[in-house]
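Report on one structure; see the data block that follows.
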Amino acid sequence: SAFTSRHGKRHGRKSKSRCSKKPLHVNFKELGWDDWIIAPLDYEAYHCEGVCDFPLRSHLEPTNHAIIQTLMNSMDPNSTPPSCCVPTKLSPISILYIDAGNNVVYKQYEDMVVESCGCR
Amino acid sequence: VETAALSPAPGSSSPGTGLSGGPGRHTDTRASKLLLVKENGPPAARSHHHHRRRRRRRRAHSVVPHHFMMSIYTAESAAERVGTNASLLRASSRSAANAITGFVDTAEDDAVDSHLKRQQYLFDVAALSNKEELVGAELRLLRKTPEQFRPTLSGLYDLKLYSCLGEGQPSKLLQSRSLHIHQSDAQGWEVFDVWETLRLSHSAQFCFELKVTSGQGERDIDLRQLGFGRKGRASQERALLVVFTRTRRRESLFSEMKEDIKSSEGSAGELQLHARRRRRRR
């Protein structure tokens, strides 16, 4: 289906927006992890979604490989898929949980929240 | 399971990273369907899943987090939200730590002992992994003076902390410090740095012993008078051994998940073993 751009114009050739950060609310209670995670019970993790198509924007910090792959894809979509929209910068969160020995542990877990997305 | 539970919030992002953050509502019908599929899965898998959930729930709900651990979490997560490095942990000498474990004292006072000259504190530190680098450890003891002893308490006292080396062996003095009580109702946490002691020990059980003498005459003081008695204390008021560690490699949530699966498989294995023994007996 056609998507509407920021300026209200419709482009029939694309069905997805450009690679960017989207909301992803993680609820540990719904995951069934509230039996070992004390806090937080939920947090905003974000996720990356969208297409990496030609021409790639510089804020997406594409690797040289991604630039080549995107170029190849633009010339012949059947020869190679577009590059992938993935997290390029992640930040940690603090988690308070109960370990196997029933001790309460505070730990900082790296790479839990997406800060920015890019094409790789 | 992940697809079912990790539902993107519609529209703007929801806040809620606090301790009281409640569950978000399921608005994604696809997610609800997936949850339904999971619950109505094959009977064997379903029963294993429910058994595991029941076992884990028992474990988690029996643990009351210590105030100190909660305050560490609150301070650190607040610093994260603001995006500052001015957290308590980062400002301290233990800034290298990325994990803090609280071990609660498991010892009890002798009810028949009329004069409590010394008090032992026992900690099961078996959960500490060799893969983690120990960067600090402190023993936190709460002094909470009972009402009846307050009028006669003011004065100078010597607090002596020993390590217990086992039956028949002499205790080793680790630290000694003065405690000057000006106000009869003064109370709070006494914190001892025990990093060196813990670093040199390879035991799964850890034992400390506290003794208090009066500053004037080296007279042994009843620890209950000074406010170290355990009777009637809530679990948050028990002694706490706080261990600061740093994981050498990047810690992944998978290790926690694997540990949980392993312990669940262990209990399943035990059940099978019992069934086999019962069959053999029959």
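Brief remarks follow.
- Among residues other than residue B:232 with Cβ under 13 Å from its Cβ, the summed charge is +2 (Lys and Arg +1, Asp and Glu -1).
- For residue A:90, the residues 5 or more places off, or on other chains, whose built amide H falls under 5 Å of its own are A:115.
- Rounded tilt (10° steps) of A:64-75 against the dominant C-alpha axis of chain A: 50 degrees
- Neighbour net charge for residue B:104 - beta-carbon separation under 13 angstrom, K R +1, D E -1: -1
- Neighbourhood net charge (11 Å Cβ-Cβ; Lys/Arg +1, Asp/Glu -1) for residue A:43: -2
Each reported figure results from applying straightforward, stated rules to the coordinates on display, with no laboratory input. Treat the numbers as computed from the prediction; the structure is a model and nothing was measured. Ideal geometry is used to build each Cβ from the backbone, glycine not excepted, and the neighbour counts take in all protein chains shown.
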